[in-house]
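Working notes for the structure below.
The values are calculated or read from the model by the stated rules, or taken from the named source; none is laboratory data. Since the structure is predicted, the reported quantities are computational estimates derived from the model, not experimental observations. Neighbour counts are summed over all protein chains in view; Cβ atoms, including those assigned to glycine, are modelled from backbone coordinates with ideal geometry.
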């Protein structure tokens, strides 16, 4: 195997930063690649050199093999690390790297090809004696056969893309009448995301745990496992929280599951880092789900309990060296939990969000690790996956790790695009999770729509926002003034100086009067409530405040006059002064105006002017951030106008369809 001294990282975001960090620490020369949207991204700045590989869309940059290979040749790189996602599980790309004389830091192309196809992988695992979920993984992909096999398996069942993962091309079917549409949507999403519409069907195991085993193999015939991870907390089949070890794991079950994972890897002469995923049912039986032939997003929790650097091990194996470890060398110490911070709106069915990062301030502390790929001032692009960071906590026990993680999340500040931080905290605080009882049904069973919705800021938080915003305005005015004594700030000859701030959050309006009492002290009141706010200190993005005698630290950012981000004790919100906006409240489009929920490609428009539609009926299908979303009618009515067509790129909030809502007598 060719030795190498420089590595091109064929990825972006936090995983590119993660790989570059270890590679540079080991003395390798690192090369980043980037699209036009990522020109100023952190991974570009971290690498020794960086090369642009095309426009922002992934199919013109990160998924274009030729562009990446040209970048490798131009930089003189000797190896390519694919990270995860994009081309990481593309056997053709691995072959192309080898043909170009590059070391592909991952398994052999044949292993990627075999395990990258769920149908073929399942057939091979059945031959190897690994327990598998009953289903259909045949080569006949006609709708008629899939419908027939689905009826044979019976609901509930899963429709899955054979060539992919990450929740894309996957649908859960509870009623056979929905199977045909599920097949259509899954196939279209699979073709878009993976270039293959091949599907498999599996009996859905209700309320299982999703448990995966980290395996590692070298080219000298050594294969071991590094313990398991529990990844049961998911939504849309994408992992949200991962932990190691599994809370209910026994030594006997770990030995059995680990042996099955090692057998699965050994049966295909695997090399490098891989993950064998299982479903663990309530009776303790486990079934092979799939094998990911790459480093996983959640690898940090394994690193924290084993003390190993998995990227360093990848580089070691890729250099042709033996692992230098046996199964007896692997010990698991303590507990680690990871959460994925997504720029998405939990109140809007977790729709991805994009836009500028006005302030990013990750947490610090004992047992806290942050893997991120964002920075203040960066744009979150609608072209890529919305995961922007991973917050990980470890400790001697599971509960200590959990409590540390809650504290770390409450200290995490991400001002700009809407994100899921508060939802993650709520997950960690649920008794079901705290007791280690979460299954893949956790989110559906534990959360109502109201709990997932954004929390409306209370009166006291709004009062603090009003005081900070007023203080910032006074600072700006004072800086522009001439010969004004500091003692005259907040003073008026007419008596107490009273200012007004008006904040609207949904249906809640805080119309506040702020009375300056002097020396950074204010009384804030509205028609029904009042509180005393002391501004004890005010720095660039941090304020120390007293609220009715209780002291708090607040993080804030004011990107423009009349707009303030504020986070107190983990409660974060954006405040817009409606008085500065001339009192005009934002108006929604109503049930008759159907708007794009985000920037994306309109794949289908299923209605035309004159069509009568029912509430909940699918009107169009939008592709955004590699997922397909059905846009549905909010109310029954008649289509008056269709303003967009299939194949068109649409912007967030762009009106697509006008419906005259039926008014019931």
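The table below lists the values:
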item: Scope the range 86-98; condition part of a loop (DSSP other than H, G, I, E, B) and farther than 10 Å from residue 10 by Cα; matching residues; result: 89, 90
item: One residue from 466, 494 being at negative phi, in the same structural domain as residue 539 (by TED's automatic domain parsing) and at pLDDT below 90; result: 494
item: Set 229, 168: member being within 30 Å of residue 310 (Cα to Cα) and part of a loop (DSSP other than H, G, I, E, B); result: 168
item: Within the range 635-659, tally of residues that are farther than 25 Å from residue 599 by Cα and in contact with a strand residue (DSSP E or B) (Cβ under 6 Å, 6 or more places away or on another chain); result: 2
item: Condition check for residue 310: in contact (Cβ under 8 Å) with a residue 12 or more places away in the chain and not assigned by TED's automatic domain parsing to the domain that holds residue 386; result: no
item: Residue match in the range 205-216 (condition: in a helix (DSSP H, G or I) and either modelled with pLDDT under 95 or not assigned by TED's automatic domain parsing to the domain that holds residue 385 (or both)); result: no
item: Residues located in the range 388-404, provided they are over 17 Å from the mean Cα position of the chain (by Cα) and in a strand (DSSP E or B); result: 393, 394, 395
item: Only listed residue being more than 30 Å from residue 243 (Cβ to Cβ), assigned to a helix (DSSP H, G or I) and without any contact (Cβ under 8 Å) to a residue 24 or more places away in the chain, chosen from 182, 188; result: 182
item: Flag if residue 33 is in contact with a helix residue (DSSP H, G or I) (Cβ under 7 Å, 6 or more places away or on another chain) and either part of a helix (DSSP H, G or I) or in the same structural domain as residue 320 (by TED's automatic domain parsing) (or both); result: no
item: Flag if residue 477 is at pLDDT below 95, over 23 Å from residue 567 (Cα atoms) and out of contact with any helix residue (DSSP H, G or I) (no Cβ under 8 Å at 6 or more places or on another chain); result: yes
item: The range 60-83: number of residues that are part of a loop (DSSP other than H, G, I, E, B) and surrounded by fewer than 23 Cβ atoms within 10 Å (Cβ to Cβ); result: 4
item: Residue within the range 578-585 that is touching a strand residue (DSSP E or B) at 6+ places or on another chain (Cβ under 6 Å), at pLDDT below 90, over 30 Å from residue 657 (Cα atoms) and not in a strand (DSSP E or B) present; result: yes
item: Residues located in the range 608-627, provided they are closer than 30 Å to residue 58 by Cβ and either at pLDDT below 75 or surrounded by 20 or more Cβ atoms within 10 Å (Cβ to Cβ) (or both); result: 619, 620, 621, 622, 624, 625, 626, 627
item: Residue list for the range 206-234, restricted to those being more than 27 Å from residue 323 (Cβ to Cβ) and surrounded by 22 or more Cβ atoms within 10 Å (Cβ to Cβ); result: 209, 232, 233
item: Within the range 108-130, tally of residues that are out of contact with any helix residue (DSSP H, G or I) (no Cβ under 7 Å at 6 or more places or on another chain), modelled with pLDDT of 90 or more and assigned to a loop (DSSP other than H, G, I, E, B); result: 1
item: Candidates 338, 407 - the one that is outside the structural domain of residue 39 (by TED's automatic domain parsing) and either assigned to a loop (DSSP other than H, G, I, E, B) or surrounded by fewer than 19 Cβ atoms within 10 Å (Cβ to Cβ) (or both); result: 407
item: Failed item in (1) in contact with a helix residue (DSSP H, G or I) (Cβ under 9 Å, 6 or more places away or on another chain); (2) closer than 29 Å to residue 284 by Cβ; (3) assigned to a loop (DSSP other than H, G, I, E, B), with residue 196 passing the rest; result: (2)
item: Complete set of residues in the range 641-660 that are surrounded by fewer than 17 Cβ atoms within 10 Å (Cβ to Cβ) and without any contact (Cβ under 8 Å) to a residue 40 or more places away in the chain; result: 641, 643
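Matching residues to (1) buried (at least 21 other Cβ atoms within 10 Å of the Cβ); (2) touching a strand residue (DSSP E or B) at 6+ places or on another chain (Cβ under 9 Å); (3) without any contact (Cβ under 8 Å) to a residue 40 or more places away in the chain; (4) farther than 20 Å from residue 280 by Cα:
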position	(1), (2), (3), (4)
121	yes, yes, no, no
131	no, yes, no, no
134	no, yes, no, no
137	yes, yes, no, yes
143	no, no, no, yes
147	no, no, yes, yes
151	no, no, yes, yes
159	yes, yes, no, no
169	yes, yes, yes, yes
